[in-house]
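One structure is given below, encoded as structure tokens.
The values are calculated or read from the model by the stated rules, or taken from the named source; none is laboratory data. Just so we're clear, the structure is a prediction, and the values are computed from it rather than from any experiment. We place every Cβ from the backbone using ideal geometry, glycine too, and count neighbours over all the protein chains shown. Remember, those area values only see protein heavy atoms, side chains included, never the ligands or the DNA or RNA. Shrake-Rupley method; radii C 1.70, N 1.55, O 1.52, S 1.80 Å.
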Amino acid sequence: MVSSSSSIACIAVMSFLVLVSTAPSSAFTLNKDICSNTKVLSRSFCSQFLGSNPVVIKSLLLSLAEATIDVASSNATKTSQLIIKWQNQTDNPQLKNAIRQCPTPYSEAIADLKEAKEKVRSGDYVALQRAAVDASIKFHACEEKFEDTPPDPSPLCSSSGELAAISSILIAVFEILAKSYK
């Protein structure tokens, strides 16, 4: 019988593989491109092995975590560098004030993501999850600054929302790692 944490990990891995299979730059599917090309193994054995082997699952989750952290860090850094530009492009004092309050949370969130990357490598999944939660809170804090403002023509609010969502993906991955690979 497969434990519920193994089932969750299996679902996460399969979801990861589906996501990867839809990415144009590295499109592949587990059964079609990997398992159907094995000469010695049956397709069902290959699928079962890749979907239930704890070593494979952990490796995929760690790779997913690192790649997601890299994307979030890159996006956050680019957005952070544009905040002053967006602040100078608006004449609305409410928007200026909202944008002005975002550099600090962004800098702190980028530092949290850097810490998360270090924790992936060290295997401290509880601290990793905490760093992702902290980053998500800080991205969301910037996003909240725009709740009582007129529509913001800059992409800052949507970027902050997207980064908070990416952080929540990280939190889910780290939760699985923390529960399954203590």
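In what order, largest first, do Lys78, Lys39, Lys117 sit by accessible area if the probe radius is 1.4 Å?
Lys39, Lys78, Lys117
Show me, for the range 49-63, the HN-Hα J-couplings you get by feeding each phi into the Karplus relation (A = 6.51, B = -1.76, C = 1.60, θ = phi - 60°), rounded to Hz, glycine and proline as x.
For the range 49-63, the Karplus curve yields 4, 5, x, 10, 6, x, 5, 5, 4, 4, 4, 5, 5, 5, 5 Hz.
Evaluate 2.2 N^0.38 Å with N set to the residue count of the range 96-182, then give the Cα radius of gyration divided by it.
Normalised Cα radius of gyration, the range 96-182: 1.19.
May I have the extent of the alpha carbons of the range 58-102 along their three principal axes, as whole Å values ordered from largest to smallest?
Each principal axis gives a Cα extent; for the range 58-102 these are 49, 14, 10 Å.
Beyond 22 Å between alpha-carbons counts as too far, so tell me which of Lys78/Lys179; Lys85/Lys114; Lys96/Lys145; Lys119/Lys179; Lys58/Lys179 fall in that bin.
Lys78/Lys179; Lys85/Lys114
Once phi is turned into θ = phi - 60°, what whole-Hz ³J(HN,Hα) does the Karplus curve with 6.51, -1.76 and 1.60 give for every residue of the range 111-125, x standing for Gly and Pro?
5, 4, 5, 4, 5, 4, 4, 5, 6, 4, 5, 7, x, 8, 6
Ranked highest first by average number of other Cβ atoms within 10 Å, how do 84-90, 63-69, 46-52 line up?
By packing density, highest mean first, the sequence is 63-69, 46-52, 84-90.
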